1. Counting only heavy atoms of protein chains, what accessible area per residue, in Å², does the stretch 99-190 have with a probe of 1.4 Å?
2. Hey, can you rank 134-143, 97-106, 173-182 by average C-beta count inside 10 Å, highest first?
3. Please list the non-local residues whose amide H lies under 5 Å from the amide H of D172, H modeled 1.01 Å from N, same-chain partners needing a gap of 5 or more.
4. For A112 and T162, what does the FRET efficiency come to when R0 = 25 Å and r is the distance between their Cβ atoms, rounded to the nearest 0.05?
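The values are calculated or read from the model by the stated rules, or taken from the named source; none is laboratory data. What you see is a predicted model, and the numbers here were worked out from it, not measured in a lab. Here the Cβ is made from the backbone with ideal geometry for all residues, glycine too, and neighbour counts use every protein chain on show. Note: areas computed on protein heavy atoms with side chains; ligands, DNA, RNA excluded. Shrake-Rupley method; radii C 1.70, N 1.55, O 1.52, S 1.80 Å.
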Amino acid sequence: MRLPIVRSALAVLAIAGLTACTGTPAPDNSKSTSTPTSSATTSATQAPSSSAPSSGTPTQVPTSVGPGEPNPSLPPATPGQGNAELSITFLASPEAAPQNYTLVCSGGVPAAESKHPTAAAACEALKTYPTLLTAPVPADQNCTMQFGGPETATVTGSVDGTEVNRKFSRTDGCQIAQWDAASVLLGASGGAA
């Protein structure tokens, strides 16, 4: 049931991204003739039956989890227990020194042993979205071929008794969406720029 929702959300993101990239060019007053657009070009750059307006301005995708900030890459909000014990390793680049964080949550509230820059927000996110780190990533989805940066993160531990072993990167559109959805958990340096 979650797979169709995630696919639909990613499709909306892809259409919004294409719409932002295919904005209407400014008119060229130096020519008096117009060049017709071929139907092949039109079908490749326009999303079929999209209701999103083409304003030519980039679409902003929320990059963090929090109250009032819906992110279509997130699983449906079904509150959990808010209990977690996680180890997070963030790398800004392959050559960078790793930044290690510990996140321990009890009932959606960070425990004293948490060593995480946004522990309260991360624990709240895990209580609201307990499957954020445990939901399977669809292997058969289409992803935009874009590079979001060299950052990587690994999260291990457990959330509400379910084992977590998840790797994050920013190597394509799908990975960027997953990163953005979980950015509050990846640490202050782990969020998208």
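1. Per residue, the stretch 99-190 has an accessible area of 45 Å².
2. Output ranking for 134-143, 97-106, 173-182: 173-182, 97-106, 134-143.
3. For D172, the qualifying residues are G148.
4. 0.60
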